[in-house]
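J.: Let me give you the structure first, and then I'll get to my questions.
The values are calculated or read from the model by the stated rules, or taken from the named source; none is laboratory data. A quick note: this is a predicted structure, and the numbers were derived from the prediction, not measured. Because the Cβ atoms are built from the backbone with ideal geometry, glycine has one as well, and the counts that use them run over all protein chains shown.
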Amino acid sequence: MTDQTPRAALKLDIVVIGAGQAGLSSAYHLKALGLVPQRDFLVLDQAPQPGGAWQYRWPSLTLSTVNRVHDLPGMGFAEFAGGDDSVQASVAVPHYFAAYEEHFELGVVRPTHVSVVCDRGERLRVESDRGLFSARGIINATGTWEKPYIPDYPGAASFGGGQLHTRDYKTAEEFAGKHVLVVGGGISAVQLLGEISKVTRTTWVTRTPPRWREGSFREEDGRAAVALVEERVRAGLPPRAVVSVTGLPVTPAIEAMRERGVLERRPMFSEITPTGVRWEDGSRLDVDVILWCTGFRSALDHLAPLQLREESGGIVMTGRLATQVAKDPRVHLVGYGPSASTIGANRAGSAAARELTQYLGLGRRS
């Protein structure tokens, strides 16, 4: 018999869901605006420890190979990291985030799994395994790590080899002696292709030809890329990855892969067979493992009762940096669309904190 006893919800002004880059930035700016952690706002995080998705990255991803670790507002990462580029990103960044939370006394509550957010008139009800919370507004910063995306291809269930996603990857050595098919054209796909190809045979397939970016990546290039993604979410279209706009940087590691012939990509196959894959022209390839480096989707299932999505599958976003949901201005999404990359996460956290507090009429508090 289900327990129908009413449970009291802790009332707050704002609940921040997620404590990755965007969530911590939002919390920092809420505090800077005068709100007090655990009194006026609360940060809930599903992970067992600080670090966001960084704590789950593969061991070979070090500070020398990671694309970039962006500073959180108010505390630089470089001075914290100590200049040792050989440190694993999955170690260094969580230590940085932990120090950040402690220094600014953000009081993150973890591990906390938020199951659903519901509309309760003037308030939003946040249900979790750590209790119920009643908020006037929420800043959702749940990112994408919990929603790995693998496209549906005919015959996938018949494949007799192994299939895994980027988030399942640990080391290249586990594939020794196997033919690995790497699927995807993003930065992670290229990084893992480079590692695995040093220990075993690989084949690379992408949906579209990879776009290589020669030269340094300037700050204005990043802003231009974010602006293009922002344009989509303002129109209510599903967001695209920022890297799809910026292209892939040509680094010394990429040049080395070219020399080894690793970057000779093939177009996307049309079907998965019991022993490999088949293309539309009938050609086949036997492989032992399919590694899907096909990205992630925004983890927003807990917001489904709010009915924020359009028929297109996207969410119409508004506000200065497109963090505010047009259908419900009490809800801000950071780490979504243009702020899914750390290029825009800090600015999005600032905009969301400022705009939400203004919308709710929350003045500076002591």
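Here's the yes/no breakdown for (1) surrounded by 20 or more Cβ atoms within 10 Å (Cβ to Cβ); (2) more than 30 Å from PRO252 (Cβ to Cβ); (3) modelled with pLDDT of 90 or more:
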| residue | (1), (2), (3) |
| --- | --- |
| GLY23 | yes, yes, yes |
| THR62 | no, no, no |
| VAL69 | no, no, no |
| GLY76 | no, no, no |
| GLY107 | no, yes, yes |
| VAL116 | no, yes, yes |
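J.: Continuing with the same structure: Looking at (1) within 25 Å of ALA172 (Cα to Cα); (2) part of a helix (DSSP H, G or I); (3) of a type in the set (A, V, I, L, M), which is the one condition that is false for VAL69?
T.: (2)
J.: Does ALA352 satisfy being under 26 Å from HIS29 (Cβ atoms) and either at pLDDT 90 or above or in contact with a Lys or Arg (Cβ under 9 Å, 6 or more places away or on another chain) (or both)?
T.: Details: under 26 Å from HIS29 (Cβ atoms): yes; either at pLDDT 90 or above or in contact with a Lys or Arg (Cβ under 9 Å, 6 or more places away or on another chain) (or both): yes.
Answer is yes for this residue.
J.: What number of residues within the range 94-122 are in contact with a Gly (Cβ under 9 Å, 6 or more places away or on another chain) and of a type outside the set (A, V, I, L, M, F, W, C)?
T.: 7
J.: To continue, here is another question. Return the total of residues in the range 302-326 being closer than 30 Å to GLN163 by Cβ, in contact (Cβ under 8 Å) with a residue 24 or more places away in the chain and either charged (D, E, K, R) or not in a loop (DSSP other than H, G, I, E, B) (or both).
T.: Residues that pass the stated criteria total 3.
J.: To continue, here is another question. Can you spot a residue in the range 306-314 that is closer than 28 Å to VAL69 by Cβ and touching a helix residue (DSSP H, G or I) at 6+ places or on another chain (Cβ under 9 Å)?
T.: The first filter runs over the range 306-314 and keeps only residues closer than 28 Å to VAL69 by Cβ, leaving none.
No, that holds for no residue.
J.: Another one. Which number in (1) in contact with a helix residue (DSSP H, G or I) (Cβ under 9 Å, 6 or more places away or on another chain); (2) crowded, with 19+ Cβ neighbours inside 10 Å marks the one condition that ALA253 misses?
T.: (2)
J.: Can you confirm whether GLY83 is at positive phi, modelled with pLDDT of 95 or more and part of a loop (DSSP other than H, G, I, E, B)?
T.: Taking the combined requirement at face value, the residue does not satisfy it.
J.: Okay, next question. Being modelled with pLDDT under 95 and either touching a strand residue (DSSP E or B) at 6+ places or on another chain (Cβ under 7 Å) or surrounded by fewer than 16 Cβ atoms within 10 Å (Cβ to Cβ) (or both) is the filter here; which residues of the range 172-186 pass it? Before the answer, list the steps.
T.: Of all residues in the range 172-186, those modelled with pLDDT under 95 come to 185-186.
Passing the criteria: only GLY185.
J.: Looking at the structure I just gave you, is SER298 modelled with pLDDT under 95, out of contact with any helix residue (DSSP H, G or I) (no Cβ under 9 Å at 6 or more places or on another chain) and under 24 Å from THR144 (Cα atoms)? Before you say what the answer is, go through the steps one by one.
T.: Values: modelled with pLDDT under 95: yes; out of contact with any helix residue (DSSP H, G or I) (no Cβ under 9 Å at 6 or more places or on another chain): no; under 24 Å from THR144 (Cα atoms): yes.
It is false that SER298 is modelled with pLDDT under 95, out of contact with any helix residue (DSSP H, G or I) (no Cβ under 9 Å at 6 or more places or on another chain) and under 24 Å from THR144 (Cα atoms).
J.: Among the residues of the range 234-253, what is the count of those that are basic (Lys, Arg) and modelled with pLDDT of 80 or more?
T.: Residues flagged as basic (Lys, Arg) and modelled with pLDDT of 80 or more within the range 234-253 amount to 1.
J.: Next up: Could you tell me whether ARG201 is closer than 22 Å to THR275 by Cβ and over 18 Å from the mean Cα position of the chain (by Cα)? Talk me through it step by step, then tell me what you get.
T.: Numbers: closer than 22 Å to THR275 by Cβ: yes; over 18 Å from the mean Cα position of the chain (by Cα): yes.
Considered against the rule, which asks whether it is closer than 22 Å to THR275 by Cβ and over 18 Å from the mean Cα position of the chain (by Cα), ARG201 comes out as yes.
J.: Additional query: Filter the range 95-125 for residues that are under 22 Å from LEU360 (Cβ atoms) and in a strand (DSSP E or B) and give the result. Full working, then the answer.
T.: Initially, the range 95-125 is screened for residues under 22 Å from LEU360 (Cβ atoms), giving 104, 106-109, 114, 116-125.
Scanning the range 95-125 gives VAL109, VAL114, VAL116, VAL117, CYS118, ASP119, ARG120, ARG123, LEU124, ARG125.
J.: Condition first: over 24 Å from the mean Cα position of the chain (by Cα) and part of a loop (DSSP other than H, G, I, E, B). Now tell me which residues in the range 29-57 satisfy that.
T.: LEU33, GLY34, LEU35, VAL36, GLN38, ARG39, ASP40
J.: Would you confirm, using the coordinates I've provided, whether GLU146 is part of a loop (DSSP other than H, G, I, E, B), under 22 Å from GLN21 (Cα atoms) and touching a residue at least 24 places away in the same chain (Cβ under 8 Å)?
T.: Numbers: part of a loop (DSSP other than H, G, I, E, B): yes; under 22 Å from GLN21 (Cα atoms): yes; touching a residue at least 24 places away in the same chain (Cβ under 8 Å): yes.
In short, yes.
J.: Only one of these is closer than 24 Å to HIS332 by Cβ and within 18 Å of the chain's Cα centre (by Cα): SER90, SER115, SER128, SER26. Name it. Let's see the steps before the verdict.
T.: On the way: SER90 fails: closer than 24 Å to HIS332 by Cβ; SER115 fails: within 18 Å of the chain's Cα centre (by Cα); SER128 fails: within 18 Å of the chain's Cα centre (by Cα).
Answer to the selection: SER26.
Okay, residues lined up against (1) surrounded by 15 or more Cβ atoms within 10 Å (Cβ to Cβ); (2) among the small types (Gly, Ala, Ser); (3) over 20 Å from ILE17 (Cβ atoms); (4) more than 18 Å from the chain's Cα centre (by Cα):
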position: PRO249; (1), (2), (3), (4): yes, no, yes, yes
position: GLY276; (1), (2), (3), (4): yes, yes, yes, yes
position: LEU285; (1), (2), (3), (4): yes, no, yes, yes
position: VAL289; (1), (2), (3), (4): yes, no, yes, yes
position: THR294; (1), (2), (3), (4): yes, no, yes, no
position: ALA299; (1), (2), (3), (4): yes, yes, no, no
position: PRO305; (1), (2), (3), (4): no, no, no, yes
